[in-house]
1. Return the total of residues in region 24-48 being buried (at least 24 other Cβ atoms within 10 Å of the Cβ) and free of Cβ contacts under 8 Å to residues at least 60 places away in the same chain.
2. Just wondering, is there one or more residues in region 132-147 that are among the charged types (D, E, K, R), within 16 Å of the ligand (Cβ to nearest atom) and assigned to a loop (DSSP other than H, G, I, E, B)?
3. Across region 93-108, what is the total count of residues that are within 18 Å of the chain's Cα centre (by Cα) and either surrounded by 19 or more Cβ atoms within 10 Å (Cβ to Cβ) or part of a helix (DSSP H, G or I) (or both)?
4. When you scan region 148-182, how many residues do you find that are part of a loop (DSSP other than H, G, I, E, B), surrounded by 15 or more Cβ atoms within 10 Å (Cβ to Cβ) and within 11 Å of the ligand (Cβ to nearest atom)?
5. Would you call residue 93 within 16 Å of the ligand (Cβ to nearest atom) and of a type in the set (A, V, I, L, M)?
6. Under 18 Å from residue 159 (Cα atoms) and either surrounded by fewer than 21 Cβ atoms within 10 Å (Cβ to Cβ) or in contact with a Lys or Arg (Cβ under 9 Å, 6 or more places away or on another chain) (or both): does that describe residue 130?
7. I need a count of the residues in region 178-229 that are in contact with a Cys (Cβ under 7 Å, 6 or more places away or on another chain) and either of a type in the set (Phe, Trp, Tyr) or closer than 23 Å to residue 41 by Cα (or both).
8. Within region 118-131, which residues are in a helix (DSSP H, G or I) and either under 19 Å from residue 32 (Cβ atoms) or among the small types (Gly, Ala, Ser) (or both)?
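The values are calculated or read from the model by the stated rules, or taken from the named source; none is laboratory data. Predicted model only: the values in this text are computed from it and were never measured. Heads up, the Cβs are rebuilt from the backbone with ideal geometry, glycines too, and the neighbour counts pull from every protein chain shown.
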Amino acid sequence: MIKVFADLQALSHAAARLFAKEACRAIEARGQFSVLLAGGETPRRAYEILARQPLRDMVPWEQVQFFWGDERYVPPDDQRSNARMARQTLLDLVPVPAAHIHPIPYRSSPRESAAEYEDILRAFFNNGPPRFDLVFLGLGENGHTASLFPGTYAVEERERWVTDVYVAEQGIYRVTLTAPLFNRAALVAFIVAGGGKALILRKVLEGSMEPRRIPAQLIKPVNGTLLWLVEREAARLLSHDCLTDAPLRPHPRPRHHSN
Ligand code: 6PG
């Protein structure tokens, strides 16, 4: 399912509303909502919207469990940290219990960080199948998602739930959940914006299957839903029949708007 939005604001509102709706649904059904947050810049606005009215009051924050799909191997206070961005835009602004925030730990090596996070996940899911209620993912211009970068062994990993990876083009280690874990989720939502993503998005959705070269193509929920929330410029190269009949969604007008 692909939904196209007029601009980043509308896309961000849609992503925030999706979070709130799925959280209410999961908590109503099972008393808990587990979510994997995406890093990078695109989700920032959506997190900010979630931390404000009306969505802030809609979400039963005490029953939400926050995890991350990946993290840069940097100290928690480093400005490149995905967890730091989420705290600044959302987690420090809503009443989620500190014990429900599960950042990827920064340990003495990326391998140790990955191993510890896998233990955290296995404990959370009581060593059973790890099924997140909602997974947010971004898309890199080279086809990566989370930290599943083209040509890395992280893309091939099928046993471990979490692995470390060296991203040569960025000169940085990262820790990432693996494709089998993302694919066990109930709902995976990509959030993609900007004309710079148009070419890679067309390759992901309409090109030949080359998941080693385009790791985002690995993401196919086994028993769940895959949703693409795409801003108009990022969608501009998609063929007509690739798009759903979902109309463009302008972001909601401010309440004070006269007409
Ligand atoms: C990260 C993300 C990464 C991101 C894409 C898109 O840690 O950077 O996990 O996969 O989602 O690179 O990033 P932007 O949203 O900044 O374009």
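1. 1
2. Let us first name the residues in region 132-147 that are among the charged types (D, E, K, R), namely 133, 141.
Subsequent filtering for residues that are within 16 Å of the ligand (Cβ to nearest atom) retains 141.
Then drop every residue that is not assigned to a loop (DSSP other than H, G, I, E, B), which leaves 141.
Within region 132-147 (the criterion being among the charged types (D, E, K, R), within 16 Å of the ligand (Cβ to nearest atom) and assigned to a loop (DSSP other than H, G, I, E, B)), the answer is yes, since at least one residue qualifies.
3. Total satisfying the criteria: 3.
4. First pass over region 148-182, keeping only residues part of a loop (DSSP other than H, G, I, E, B): 149-152, 157-161, 168-171, 178.
Next, from what is left, pick out any that are surrounded by 15 or more Cβ atoms within 10 Å (Cβ to Cβ): 149-150, 152, 157, 160-161, 178.
Filter once more, keeping what is within 11 Å of the ligand (Cβ to nearest atom): 149.
Residues that pass the stated criteria total 1.
5. Values: within 16 Å of the ligand (Cβ to nearest atom): no; of a type in the set (A, V, I, L, M): yes.
When the stated conditions are applied, residue 93 does not pass them.
6. Numbers: under 18 Å from residue 159 (Cα atoms): yes; either surrounded by fewer than 21 Cβ atoms within 10 Å (Cβ to Cβ) or in contact with a Lys or Arg (Cβ under 9 Å, 6 or more places away or on another chain) (or both): yes.
Here the answer is yes, as residue 130 does meet what is asked.
7. Here is the first cut: in region 178-229, the residues in contact with a Cys (Cβ under 7 Å, 6 or more places away or on another chain) are 205-206.
This time we only want the ones that are either of a type in the set (Phe, Trp, Tyr) or closer than 23 Å to residue 41 by Cα (or both), so: 205.
Qualifying residue count, region 178-229: 1.
8. First pass over region 118-131, keeping only residues in a helix (DSSP H, G or I): 118-124.
Those that are in a helix (DSSP H, G or I) and either under 19 Å from residue 32 (Cβ atoms) or among the small types (Gly, Ala, Ser) (or both): 120, 121, 122, 123, 124.
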